[in-house]
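To start, the structure itself, in structure tokens.
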Amino acid sequence: MKSDEPTNDVQQLLEKFVQLPNSFKWKVIVFSITNPEWTPLRNEAICTALGLEIGATLAATVRISPQVPPITLYAHKEIADRILNLPKAAGMRVKAQTIFGVAKYPHFSDEGTIIEKNQQSGLLIIDILSGQALGSRA
């Protein structure tokens, strides 16, 4: 295993989290990634479901391990600001927490209001342990 690949414990937790996100929420993991392409999270229902603030959150979809499907990373407030200051091709070692919530989308019709519920999950970065341009040494 290369040093930047997740440990077996992290990989096993992520595999379980993808299958049963509500059962494995609030777990903390540490892993390394290349700084992905971040976009502002502007979906109020998702922000509310995950306890994040609209206008203060970035989101990116990443593949942490070949054995785990792509997962959404979230960066909030000060962490989001720190990420925006890292070079685009930076390697990052981060501490993240698994998060889960249910987004509610109202649909209005002649019969009344129907609330559609969609589960939302991902990893919230809670600390950047290191960040550097690839190929350089900290």
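The values are calculated or read from the model by the stated rules, or taken from the named source; none is laboratory data. Please read these numbers as outputs of a predicted model, since none were measured by experiment. Every residue, glycine as well, gets a Cβ built from its backbone with ideal geometry; the counts of neighbours run over all protein chains shown.
Kindly evaluate residue 97 against the criterion of being farther than 20 Å from residue 130 by Cα and either loosely packed, with under 14 Cβ neighbours inside 10 Å or modelled with pLDDT of 95 or more (or both).
no
State which residue is farthest from the chain's Cα centre (by Cα) when the search covers only the stretch 7-34 and only residues that are closer than 26 Å to residue 89 by Cα and of a type outside the set (S, T, N, Q).
10
Just a yes or no: is a residue in the stretch 108-117 touching a residue at least 24 places away in the same chain (Cβ under 8 Å), in contact with a strand residue (DSSP E or B) (Cβ under 9 Å, 6 or more places away or on another chain) and not aromatic (Phe, Trp, Tyr)?
no
Under 13 Å from residue 121 (Cα atoms), in contact (Cβ under 8 Å) with a residue 40 or more places away in the chain and among the basic types (Lys, Arg): is that true of residue 25 in this structure?
For residue 25, the condition - under 13 Å from residue 121 (Cα atoms), in contact (Cβ under 8 Å) with a residue 40 or more places away in the chain and among the basic types (Lys, Arg) - is met.
For residues that are touching a Pro at 6+ places or on another chain (Cβ under 6 Å) and more than 18 Å from residue 71 (Cβ to Cβ), scanning just the stretch 100-134, find the one that is surrounded by the most Cβ atoms within 10 Å (Cβ to Cβ).
The qualifying residue surrounded by the most Cβ atoms within 10 Å (Cβ to Cβ) is 133.
When you scan the stretch 80-93, do you find a residue that is assigned to a loop (DSSP other than H, G, I, E, B) and among the acidic types (Asp, Glu), even just one?
No, the stretch 80-93 has no match at all.
Does residue 78 qualify as being loosely packed, with under 15 Cβ neighbours inside 10 Å, of a type in the set (D, E, K, R), without any contact (Cβ under 8 Å) to a residue 24 or more places away in the chain and closer than 23 Å to residue 131 by Cβ?
So residue 78 fits the description; yes.
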